[in-house]
Amino acid sequence: MIRVALLDGALPSAFPDLAAQRRFAKADGAMSASVHALAMATTIHRHAPHVNFVNGIIFPGRLVTSVAVLCDALEWIGQDPPEIVHCSFGLVRASLELEMRVRALEKAGSLIVASAPARGEPVYPATLEGVVSVQGDARCKPEDVARLDLPGAIFGACVLSPEAPDIRGASIAAAHVCGMLAADWAGGAAETLRVFAHRTRYHGCERRIGQAVPTGSRWKTGGRPGVPQA
């Protein structure tokens, strides 16, 4: 059984295939984080209905967290590393401790999937090398993947999910990619990425009227380390 560590709000305790759950952020009474977590989990289940979820609760109820809370959650899941770690959020500041936790999970064989905004400054952990970073792409349907190779995002995916119509954007896009990676799991991270690369429907970024097409991607020629070209 493939395990996905969902670092997000709290899933319902009766959610199907919830293997473990631990809270790292003190509850504040708000419900937006739980709605967000459920949207991520149901979107992942759309592609991979038989995954088990390990739910690290890093949002108190509002969609806010800190490096310290996130690192505590990463340390916890690192005690029994899952196949995939899902991070539909982004921190604006780099952190050596965060990078160390991510590297430890990658070394243990986990794939880290993280959402990245289509505009604005790069965020973490999506910006870290080796992380499968995803932004929304309007060309994509739920089963589509775009290979972008942009400085902030390797892949693009659908911003909508029939299972979660009230939430859209890079968070949902990352959940689609996470679910497809779980469905494609082939015994290890590297082989799974090779299989997943064949899903790519679009190559290059979306072209919008009046928008220049980026030409300075640091992955333009060779691809980002650890993520093979389709």
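With only Lys, Arg, Asp and Glu charged, each at its Cβ (+1 for the first two, -1 for the last two), find how big the charge dipole of the stretch 64-120 is about the Cα centre; round to the nearest 20 debye.
280
Could you give the size of the charge dipole of the chain about its Cα centre, using +1 on the Cβ of each K and R and -1 on the Cβ of each D and E, expressed in debye and rounded to the nearest 20?
On the way: 23 positive and 21 negative charges, 111 e Å.
It comes to approximately 540 debye.
Counting each DSSP H run of 4 or more residues in the chain as -39500 (n - 2.57), what helix-only mean residue ellipticity at 222 nm follows after dividing by all residues, to the nearest 500 deg cm²/dmol?
-8500 deg cm²/dmol
Give me the distance in nm between label points sitting 7 Å out from Cα along the Cα-to-Cβ direction at Arg103 and Arg23, one decimal.
Between Arg103 and Arg23, the simple spin-label model gives 3.4 nm.
What are the ³J(HN,Hα) values, in whole Hz, obtained from phi via the Karplus relation 6.51 cos²θ - 1.76 cosθ + 1.60 with θ = phi - 60°, for each residue of the stretch 10-21 in sequence order, with x given for Gly and Pro?
In residue order, the calculated couplings are 8, 6, x, 4, 9, 4, x, 6, 7, 7, 7, 8 Hz.
Which one of Leu160, Leu111, Leu63 has the biggest mean-square fluctuation once the chain is modelled by GNM with Cα springs under 10 Å?
Leu63
Any idea of the accessible area per residue across the stretch 1-79, 1.4 Å probe, to the nearest Å²?
On the way: 3380 Å² over 79 residues.
Dividing the accessible area of the stretch 1-79 by its residue count gives 43 Å².
Label the stretch 116-184 by shape, choosing from rounded, prolate and oblate, from the square roots a ≥ b ≥ c of the eigenvalues of the Cα gyration tensor; if a/c is under 1.5 it is rounded, and otherwise prolate applies when a/b is larger than b/c, oblate when it is not.
Judged from the Cα gyration tensor, the stretch 116-184 comes out prolate (a/c at least 1.5, a/b above b/c).
Find the centroid of the Cα atoms in the stretch 83-126 and in the stretch 143-185, then give the distance between the two in whole Å.
Between the Cα centres of the stretch 83-126 and the stretch 143-185 lies a distance of 15 Å.
If one takes the longest principal axis of the Cα atoms in the chain, at what angle in degrees, from 0 to 90 and to the nearest 10, does the Cα axis of helix 67-78 lie?
80
In a Gaussian network model over the chain where Cα atoms closer than 10 Å are linked, find which of Gly204, Gly152, Gly29 has the largest mean-square fluctuation.
Of Gly204, Gly152, Gly29, the most mobile in the Gaussian network model is Gly29.
When a/c reaches 1.5 or more, the comparison of a/b and b/c decides; with that in mind, is the chain rounded, prolate or oblate per its Cα gyration tensor?
rounded
Under a GNM of the chain (C-alpha, springs under 10 Å), which listed residue has the highest mean-square fluctuation: Gly61, Gly156, Gly120?
Gly120
Taking Rh as the Kirkwood radius computed over C-alpha pairs, what is the Stokes-Einstein D of the stretch 56-98 at 20 °C in a medium of viscosity 1.002 mPa s, expressed in µm² per second?
Taking Rh from Cα pairs, D becomes 190 µm²/s.
The values are calculated or read from the model by the stated rules, or taken from the named source; none is laboratory data. Because the structure is a prediction, the values reported are computed rather than measured. FYI the Cβ positions are ideal-geometry reconstructions off the backbone, even for glycines, and counts take in every protein chain you see. Surface areas here come from the heavy atoms of the whole protein model, side chains and all, with no ligands, DNA or RNA. Shrake-Rupley method; radii C 1.70, N 1.55, O 1.52, S 1.80 Å.
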